[in-house]
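Beneath this line is the structure, given in structure tokens, with notes to follow.
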Amino acid sequence: MPSTDPAAPTAAPEDVGLLAPVRAGTAAEAATGDTAFLQAMLDAEAALTRAQAALGEAPADAADAVTAAADAGRFDVRDLALRARSGGNPVIPLVADLTAAVKESALDAAGYVHRGATSQDIWDTATMLVARRTVALVLDGLARTAEALYGLADAHRETVMPGRTLTQHAVPTTFGLKAAGWRALVLDAYERLAAVRLPVQLGGAAGTLAAFGALSETFAPEDGERLIAAYAAETGLAEPVLPWHTLRTPVADLASALAFTTGALGKIAADVLVLSRTECGEVAEGSGGGSSAMPHKANPVRATLLAAAARQAPHLAATVLASLAAEDERPAGAWHAEWQPLRDLLRLAGGAAEQAAGLAGGLRVFPDRMRANLLRTKGLMAAERLSAALAPVLGRQAAKEALTRASRAAVEEDRTLAEVLRADPEVSAALPPDALAELADPAAYTGSAAVLTDRALRRPGPAA
């Protein structure tokens, strides 16, 4: 039914993702849209009537009538949003409209719409339904990302590159080990998100299920457990131990796992953004984005979108976690504060997982550029190895001082570390030229990188 509010806009504003390219056009966006939430609320209402019918507390034809009427296409989502302002949530106007829709086909069935429930039962259950549908999409994206990263790590287990700490060249590593680390984070995210329990919500006004007994002479107190179990079965959600109106573990766990997922993918993005800089040029996205002003540019757009998502998620999760401190048996404000941040987290994680799969699947790696960058510091990345080799001969402190002097001279005189050390009588006496050349080669100092890569890749992925 149309709104009668004279202050209401004449045209319904649409959130089509203009300010959120990370999720625009993705399956996660569709799964979390207003219409998706509306359908989830209707699914929750229909499932409740079916659960009561399964226990003999409602006629089977009433359950059929409510289920048939629970089609989002029959309702005006914008009108529901406007009318939700008066009661503080969209379930209240939806119950009125659903009841009217059921009356059109089955007058006697209308009394079984929302029977015994409270608004939060329906909204929380709908949120869990939306979450389950969206989390499946996120997990799929993570699985594809992990598979692509496995291939990168395996192919580049011995591809040497500069290891960087605090923005500077440190000691050599391999790209395989880096990609294996990315995969490990993705698998961590997958496991955390897959383990989140998404339960149905049913408690009535104050979590006691009292209304169900008040509305039926045959409903005994012990039937509350059976009703919750039946409701869980009808929705496909988990069965909770207690109504969780102010026991927000499911929402807090979900928000935390989504924030971790987005941050884990953000780590990949952070590395790709550094390694794809013009000055580094060690990797590149398969198809970079263009610039409005500079035709030559191929920007790392996927990594950019992942990085943006990773910066937003922690603050959204913080709002949800703050709502754990919810007063009484039903809170004022704490519950309401969760809605938008949780949806944004689902959208960010869903969009990020989709972008990450594309990024990992199309990432181009340039081993020659990695090798060239490895040599830019004139062999200084081998200083740690040389110090360890000289310590038994010169003594630990003397070896450190000799390498410090040589490193400084190499930078100031634009010479390689090996050249400077060969001119040092103390060092040349301790290390023959061949041994010095081998020890001074950064590419030969990757330690257990290949072994660690293989170890990481033995961890089974989601498809195993």
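Quick notes on this one:
- With respect to the conditions (1) in a helix (DSSP H, G or I); (2) closer than 20 Å to TRP335 by Cα, ALA100 falls short on a single one, namely (2).
- Residue check, MET128 surrounded by 22 or more Cβ atoms within 10 Å (Cβ to Cβ), in contact with a strand residue (DSSP E or B) (Cβ under 9 Å, 6 or more places away or on another chain) and within 18 Å of ARG248 (Cα to Cα): yes
- Residue within segment 94-101 that is at negative phi, without any contact (Cβ under 8 Å) to a residue 40 or more places away in the chain, open to solvent by less than 50 Å² (accessible area, probe 1.4 Å) and not aliphatic (A, V, I, L, M) present: yes
- Within segment 187-205, being assigned to a loop (DSSP other than H, G, I, E, B) and touching a Pro at 6+ places or on another chain (Cβ under 9 Å) holds for VAL196, ARG197, LEU198, VAL200, GLN201, LEU202, GLY203, GLY204.
- When residues of segment 175-202 are limited to those that are closer than 17 Å to ALA360 by Cα and over 23 Å from the mean Cα position of the chain (by Cα), the one surrounded by the fewest Cβ atoms within 10 Å (Cβ to Cβ): PHE175
- For LYS267: the one exception among (1) open to solvent by 40 Å² or more (accessible area, probe 1.4 Å); (2) touching a strand residue (DSSP E or B) at 6+ places or on another chain (Cβ under 7 Å); (3) charged (D, E, K, R): (2)
- Subset tally (residues that are under 18 Å from LEU346 (Cβ atoms) and out of contact with any Phe, Trp or Tyr (no Cβ under 9 Å at 6 or more places or on another chain)) for segment 192-217: 5
- Candidates GLY236, GLY181, GLY263 - the one that is in contact (Cβ under 8 Å) with a residue 12 or more places away in the chain and closer than 18 Å to ARG132 by Cβ: GLY236
- Within the span defined as segment 341-348, one or more residues are closer than 29 Å to ALA36 by Cα and either open to solvent by 40 Å² or more (accessible area, probe 1.4 Å) or not in a helix (DSSP H, G or I) (or both).
- Hey, ALA170 more than 30 Å from ALA51 (Cα to Cα), open to solvent by less than 50 Å² (accessible area, probe 1.4 Å) and over 26 Å from the mean Cα position of the chain (by Cα) or not: yes
- Answer from GLU279, GLU354 - the residue that is of a type in the set (Asp, Glu), over 18 Å from ASP188 (Cα atoms), out of contact with any Phe, Trp or Tyr (no Cβ under 9 Å at 6 or more places or on another chain) and open to solvent by 40 Å² or more (accessible area, probe 1.4 Å): GLU279
- In segment 358-379, the count of residues that are hydroxyl-bearing (Ser, Thr, Tyr), open to solvent by less than 60 Å² (accessible area, probe 1.4 Å) and modelled with pLDDT under 90 is zero.
The values are calculated or read from the model by the stated rules, or taken from the named source; none is laboratory data. Treat the numbers as computed from the prediction; the structure is a model and nothing was measured. No Cβ is skipped: glycine too gets one built from the backbone with ideal geometry, and neighbour counts run over all protein chains shown. Heavy atoms of the whole protein, side chains included, go into the accessibility calculation; ligands, DNA and RNA do not. Shrake-Rupley method; radii C 1.70, N 1.55, O 1.52, S 1.80 Å.
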